[in-house]
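Take a look at the structure set out below.
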């Protein structure tokens, strides 16, 4: 195994030497760019890191977050800064390129246009953070600043994200209104008679009140989403945060509603578990399906909004 590794390092060193002496057209003809692209997608970061150490021109070919992660981990950002002032044939800087629409598997794998828009904004903001301040207002040959180019290229995605947000908020608002209506009515029609179990009745009333207030909160949050301005930066934090809070409170209201339903059945049936437990399970089936459908959205939004970030600055490479 050690012999194979030594041969690999020797071959890699020879490859790096040849690449450093090659011109761009030779790299294209030799499919070097394609090899680096495949290595990046497959996670062969040792190979990609060596290539970047030899020639940072590869960044211009692939503005991929994994490439930037390697730059951070290998302390090569100072070298990269020297490239941020360079322009392509159309006068586009690195920040202009970050603002271009990328039709890639990475973006298409993200569920929902709103999260895709958030991902594109995260990418643009991260690159914007490391470029020189004057590059933020520089124009390309068509007279577009990076931000204007981003807006132009992501106009359709932003509209789709707005529609996705509004459709989701509308659906959840309907569910929330139904829960509020039911819980309000249940509060004034308590189950059982005067001989009911006081402990179960206390659970019934507390869960009913919690469900009512949680669903009311979710409705107000979803109404805020429906009436939002829907500007670009709203997709970065504001809208996802509202959707996360709205979905979380809605899920909690559904859970407390099920507790209310279960305690009511136990009170009415005098704790006859053989009858009440199957009924509780049947009543929970539609609730389970709703959570099963909507929970992945909540999970993806939490990871995308509060996750480790678009770049892994702590990537460890074994070189």
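Every number here is computed from the coordinates shown, using simple stated rules; none is lab data. Given the structure is predicted, the values throughout are model-derived calculations rather than measurements. As a convention, Cβ positions derive from the backbone with ideal geometry for all residues, glycine included, and neighbour counts pool all protein chains shown.
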Could you let me know the centre-to-centre spacing of region 259-277 and region 152-189, using Cα atoms, in angstrom?
31 Å
FRET efficiency for residue 231 and residue 185, Cβ-Cβ distance as r, R0 = 35 Å, nearest 0.05?
0.30
Expected sort for 117, 205 with the fewest Cβ neighbours (10 Å cutoff) up front is 205, 117
What list of whole percents do you get for P(r) of region 142-211, with Cα-Cα distances grouped in 10 Å bins up to the one holding the largest distance?
16, 24, 17, 14, 12, 10, 5, 1, 0
When you take every Cα atom in region 169-249, what is the radius of gyration, and what is Dmax, the widest Cα pair distance, in Å?
16.7, 59
If I take R0 = 22 Å and measure r between the Cβ atoms of residue 269 and residue 202 in this structure, what FRET efficiency does the formula 1/(1 + (r/R0)^6) give, to the nearest 0.05?
0.80
The ratio Rg/Rh over the Cα atoms of region 157-306, Rh being the Kirkwood inverse mean 1/r radius, stands at 1.08
